[in-house]
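One structure is given here, and the rest of the page talks about it.
Nothing in this text is a laboratory measurement; each read-out follows from the coordinates by a stated rule. Note that the coordinates shown come from a computational prediction; the quantities given were computed from them, not determined experimentally. Every residue, glycine among them, receives a Cβ derived from its backbone with ideal geometry; neighbour counts consider all protein chains shown.
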Amino acid sequence: MITCYITYEIHPDRIEAFEVYAKAWIPLVERFGGTHHGYFLPHESANDLAVALFSFPSLAAYEDYRARSFEDEDCLAAFRFARENGIVRRYDRTFLRPVLEGDLAPLKAAMA
């Protein structure tokens with residue numbers, strides 16, 4: 001599994017519009033086989049920072065989603081909404097390998 005961690009620099013006066021954009025992408029990612037972990041908007045922090053996390057079974061599955069998103073009518077509408085409303089100044093994508101299950105045994109073995 002691969003998790004895409006996106007940091008957005010957003011327009012601080014357009015947070016509500018960014019939230020519309022964010023809510024649109026959650027079902028779109030899921031439509032293409034991903035698991036969306038949500039968007040995180042400014043609150044008691046920098047007023048121009050937002051984060052999104054979503055996972056795909058593999059980097060190849062993510063790349064397939066990206067390619068297909070440029071042909072999907074709803075995805076294109078979301079891209080257009082962001083562009084026309086000037087909500088995203090820039091963004092960066094980072095790919096991470098999630099650790100989702102806990103296990104104390106390796107720690108205990110290492111400490112023995």
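At a glance:
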| item | result |
| --- | --- |
| Listed residues A22, A50, A77, most fluctuating in the chain (Gaussian network, C-alpha, under 10 Å) | A77 |
| Neighbour count of at most 11 Cβ within 10 Å plus DSSP loop: longest GluC sites (Glu not before Pro)-free window in the chain | 1-43 |
| Using alpha-carbon coordinates, inclination of helix 15-31 to the longest axis of the chain, degrees | 60 |
| Charge dipole (debye, nearest 20) of the chain; +1 at Cβ of Lys and Arg, -1 at Cβ of Asp and Glu | 240 |
| Calculated SAXS-style log₁₀ I(q)/I(0) at q = 0.25 Å⁻¹ - region 30-112, Debye, Cα scatterers | -1.37 |
| Between helix 73-85 and the chain: long-axis angle, C-alpha atoms, 0 to 90°, nearest 10 | 70 |
| I6-A110 FRET efficiency (beta carbon distance; Förster radius 30 Å; 0.05 resolution) | 0.35 |
| Modelled FRET efficiency - R0 22 Å, V99 with S45, Cβ distances, 0.05 increments | 0.35 |
| Crossing angle, helix 59-69 versus the chain [Cα axis fit, 0-90 degrees, rounded to tens] | 10 |
| Chymotrypsin sites (Phe, Trp or Tyr not before Pro) within region 19-106, DSSP loop, no more than 15 other Cβ atoms inside 10 Å | F70 |
